[in-house]
Ligand code: C5P
């Protein structure tokens, strides 16, 4: 079977990483979470009190930063300069600032270079915002996952609750909308459906339905 490149893009909380992980497992492909790379840089920038709006400074910071995505028993670990920051990069401070760090073109170009290197052999499922448009424009399958903001906030709320974290549904809705707005309105490589991507509205689909639909699309192409 041909080893495909699969791009999964979409707004925050649409289930990209959950679905991408399951699809990659099923196909024995590698899964690359590009959001985790932007989150790791954001965590480092916040920890060193860097100016999150200074592109050339963030670029220099990134150049001296090592980010590894490691496969573990229960998913993926994110290793920043040798240290496991998998938990830290999911904090609300990182989540609410990552769009700023992901804005400057200098930062994105270096991230895209690293992501393209990871994908060069094919047999990858990569999720993010600009995978179909910039990172893997040659992907054989591009999926754009969407869901209503109410549904996405509710999923995040349920996930938090199940982990014992209390959150406010309305606040989650606001944060998700704001992050989408920043990601969609940035000038360079905004969140945007590629012309040749297949849009899947997952609002009333189960995770397994979405995975099966993507596997079906893969089987048509492999
Ligand atoms: O996917 P996740 O929600 O973890 O992504 C975090 C943030 O990283 C996004 O809101 C966006 O600002 C940025 N990002 C990006 N391009 C990607 C992946 C993520 O700009 N390919």
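Bear in mind that the values in this text are calculations on the coordinates, not laboratory data. Only a predicted model underlies this, so the values are computations on that prediction, with no experimental measurement involved. A quick note on method: Cβ atoms are made from the backbone with ideal geometry, for glycine too, and the neighbour counts reach across all protein chains shown.
Just for the chain, what percent of DSSP beta bridges are antiparallel, to the closest 5?
The antiparallel proportion sits near 30 percent.
Taking 25 Å as R0, compute the FRET efficiency from the Cβ-Cβ separation of residue 92 and residue 118 and round it to 0.05.
0.35
Listed highest first by mean packing, meaning other Cβ atoms within 10 Å per residue, what order do 45-54, 3-12, 23-32 come in?
3-12, 23-32, 45-54
Would you work out the relative contact order for the range 25-83, in percent, from Cα pairs under 8 angstrom that are 6 or more residues apart?
25 percent
I'd like the distance separating the alpha-carbon centroids of the range 9-36 and the range 142-191, in whole Å.
Each part's Cα centre sits 16 Å from the other's.
Give me the percent relative contact order of the chain, please, defined on Cα pairs under 8 angstrom at least 6 residues apart.
Dividing the mean separation by the residue count of the chain yields 34 percent.
Add -39500 (n - 2.57) for each DSSP H run of 4 or more in the chain, then divide by its residues: what number comes out at 222 nm, to the nearest 500 deg cm²/dmol?
-15000 deg cm²/dmol
Highest mean first, how do 157-166, 81-90, 119-128 rank when packing is the count of other Cβ atoms within 10 Å averaged over residues?
Ranked by mean Cβ neighbours within 10 Å, highest first: 119-128, 81-90, 157-166.
Treat each spin label as a single point 7 Å out from the Cα along the C-beta direction, and report the residue 185 to residue 206 distance in nm.
3.9 nm
Using a 10 Å cut-off on Cβ atoms, rank the peptides 189-196, 94-101 from the highest mean neighbour count down.
With the highest mean Cβ count within 10 Å placed first, the list reads 94-101, 189-196.
Tell me the relative contact order for the range 107-222 as a rounded percent, counting alpha carbon contacts under 8 Å between residues six or more apart.
34 percent
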